[in-house]
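What follows is a set of notes on a single structure, which appears directly below.
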Amino acid sequence: MPNETTPLIQNHQSPSSPSSDEVTAVGCATPSTLDELHSPQQEGAEQGHGLAKLDFKLFNSLLLDSIPGWCVALGGTTALDTLGSQAFTGGTEKTDLSIHFQRCVVLLWMLLIPVGFLWAYIEPVLLALGQQPRLSESVQQFLRVLLIGAPGYVGFESLKKYLQCQGIMGASTMILIIVSPINIVLNIYFIHYTPLGLLGSPVAVSITGNGTWGGLQIRAVLDPRSCYEFLKLALPGILMVGTEWAAFEIVALAAGRLGSIPLAAQSVIMTTDQILNTLPFGIGVAASTRVGNLIGSRSANGAKIAAHASALLSVIVGLVVMTAMMATKNVYGFLFSDDLEVVQLVSKVMPLVASFQVADGLAGSCGGVLRGQGRQHLGALFNLVAYYVLALPMGITLAFHSSFHLGLQGLWIGQVVALFIVGIGEYCVVWLGTDWDEEVRKSIKRNYEEGKRRQLRQNDGVVA
């Protein structure tokens with residue numbers, strides 16, 4: 001039975017059954033889910049007393065303004081879901097995966113440069129958008145400190161993908177098990193026992209972020225054609241991740257205009273949704289690696305079975321979560337608040353959140369399949385249309401227009417529509433819009449051209 005450290009591809013000719021792929025997906029998804037529970041977006045929960053003193057608009061601005069930086073890491077490394085996983089099983093040399101990994105780190109560090117300028121000088125941008133001077137200054141201070149740890153976070157995410165491409169899912173989880181308590185202790189110490197106050201949180205994140213990155217051994221990773229092929233996958237991956245994040249942050253900002261009760265309920269719902277989202281995220285990571293490995297090993301049928309097994313697993317998990325949410329909707333809010341109005345509003349919105357758990361699962365798993373194939377651009381396109389053409393205009397209209405005035409429920413109705421469009425749409429692409437033999441042919445060509453470029457560099461005396 002495969003486990004976290006067993007290579008995903010044992011034999012290029014070995015058949016793949018739905019049951020074996022479901023077991024593999026569960027084994028691979030579990031560590032990835034645990035990894036996501038300690039992402040930068042979860043740091044707000046660790047700030048505790050510091051956030052109690054923090055203006056709500058400031059907190060949301062911090063999240064919104066930091067999205068480009070984290071998307072560079074989480075979205076950009078999706079290129080390794082394609083290039084790395086396929087090279088591991090189908091590359092011309094064993095070192096092909098290493099070269100892709102190093103190229104990933106170097107190029108994403110370069111993409112961090114404009115993000116760094118945005119973070120370092122965000123104050124005039126916020127002032128131009130009409131934010132308060134104190135708020136703008138505080139956001140800039142926070143992001144400047146957070147910037148210190150951004151290169152380390154990119155390195156960690158790249159290294160995590162490098163290991164996942166080889167089927168080693170548990171290594172990054174073990175690192176986070178060690179680092180997370182250190183991060184919590186540093187957060188408490190810097191916030192409560194030093195003059196840094198709230199700025200202690202990004203200091204702690206930056207220290208522990210760099211602690212997970214052991215340095216880079218530079219080789220010939222800047223071949224222009226190879227860099228182009230990488231960016232052709234990385235940039236849509238960044239857009240794919242960023243568009244969804246930004247849409248949910250826009251909903252959070254809109255909820256802030258509805259009053260204190262909807263705002264408190266939104267905080268409960270959003271925190272819950274972020275935690276639950278780690279489940280389809282983990283399945284998606286497992287799917288991208290499994291499908292990419294099988295495509296690289298020229299197993300078109302195996303990749304197809306793995307894709308459908310991941311989708312089936314996500315539906316099962318989504319149904320379980322949906323059932324649990326519906327069963328506890330009337331009392332769940334009491335875990336976060338004693339205010340009866342907040343609890344009642346949470347109970348009204350909870351069925352909406354429960355309703356899209358299956359669709360969210362499909363979006364996560366099928367998004368992973370698309371990344372394994374190298375079709376990140378389709379995921380980005382679905383997100384753009386679903387969220388920005390349909391869901392956000394619909395949700396804001398339902399929430400604020402006098403004809404409806406549904407408040408927080410209206411905002412989440414829009415998100416329900418978006419996730420159903422993305423989930424069902426991506427599954428239809430995987431199910432009906434994929435020529436698996438063609439995906440294998442593209443992988444063979446991709447790996448061959450990478451090997452050919454490396455050989456030409458070696459013949460020219462360039463160390464690859």
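The values are calculated or read from the model by the stated rules, or taken from the named source; none is laboratory data. What you see is a predicted model; the values in this text were computed from it and never measured. Backbone-built Cβ (ideal geometry, glycine too); neighbour counts: all protein chains shown.
List of remarks:
- Residue 346 satisfies every condition listed in (1) closer than 26 Å to residue 259 by Cα; (2) without any contact (Cβ under 8 Å) to a residue 60 or more places away in the chain; (3) β-branched (Val, Ile, Thr) except (2).
- Scan of segment 120-135 for residues that are modelled with pLDDT under 80, under 17 Å from residue 68 (Cβ atoms) and either in a helix (DSSP H, G or I) or in contact with a helix residue (DSSP H, G or I) (Cβ under 6 Å, 6 or more places away or on another chain) (or both), ordered by number: 126
- The residue pairs whose first member lies in segment 266-285 and is among the small types (Gly, Ala, Ser), whose second member is modelled with pLDDT of 90 or more, and whose beta carbons are closer than 7 Å, counting only pairs six or more residues apart or on different chains, are 284/364; 284/365; 284/367; 284/368.
- Among the residues making up segment 136-167, those that are of a type in the set (A, V, I, L, M), assigned to a helix (DSSP H, G or I) and under 30 Å from residue 103 (Cβ atoms) are 143, 145, 146, 147, 150, 154, 159, 163.
- Every test in (1) modelled with pLDDT under 95; (2) more than 30 Å from residue 238 (Cβ to Cβ) is passed by residue 320 save one, and that test is (1).
- Qualifying positions in segment 249-263 - surrounded by fewer than 21 Cβ atoms within 10 Å (Cβ to Cβ) and assigned to a helix (DSSP H, G or I): 249, 250, 252, 253, 254, 260, 261, 263
- For residue 406: the one exception among (1) outside any loop (DSSP other than H, G, I, E, B); (2) farther than 30 Å from residue 90 by Cα: (1)
Residue-by-condition table, conditions (1) crowded, with 19+ Cβ neighbours inside 10 Å; (2) within 19 Å of residue 324 (Cβ to Cβ):
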residue: 360; (1), (2): yes, yes
residue: 393; (1), (2): no, no
residue: 400; (1), (2): no, no
residue: 408; (1), (2): yes, no
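- Residue 223, sole failed condition from (1) at pLDDT below 90; (2) closer than 21 Å to residue 82 by Cα; (3) among the acidic types (Asp, Glu); (4) under 20 Å from the mean Cα position of the chain (by Cα): (4)
- The set of residues in segment 362-387 being part of a helix (DSSP H, G or I) and either more than 15 Å from residue 428 (Cβ to Cβ) or charged (D, E, K, R) (or both) consists of 364, 368, 371, 372, 376, 377, 380, 383, 384, 387.
- Among (1) over 22 Å from the mean Cα position of the chain (by Cα); (2) in a helix (DSSP H, G or I); (3) at pLDDT below 95 - the single one residue 294 does not satisfy: (3)
- Among the residues of segment 109-153, those that are touching a Ser or Thr at 6+ places or on another chain (Cβ under 7 Å) and under 23 Å from residue 74 (Cα atoms) comprise 139, 143, 145, 146, 148, 149, 152.
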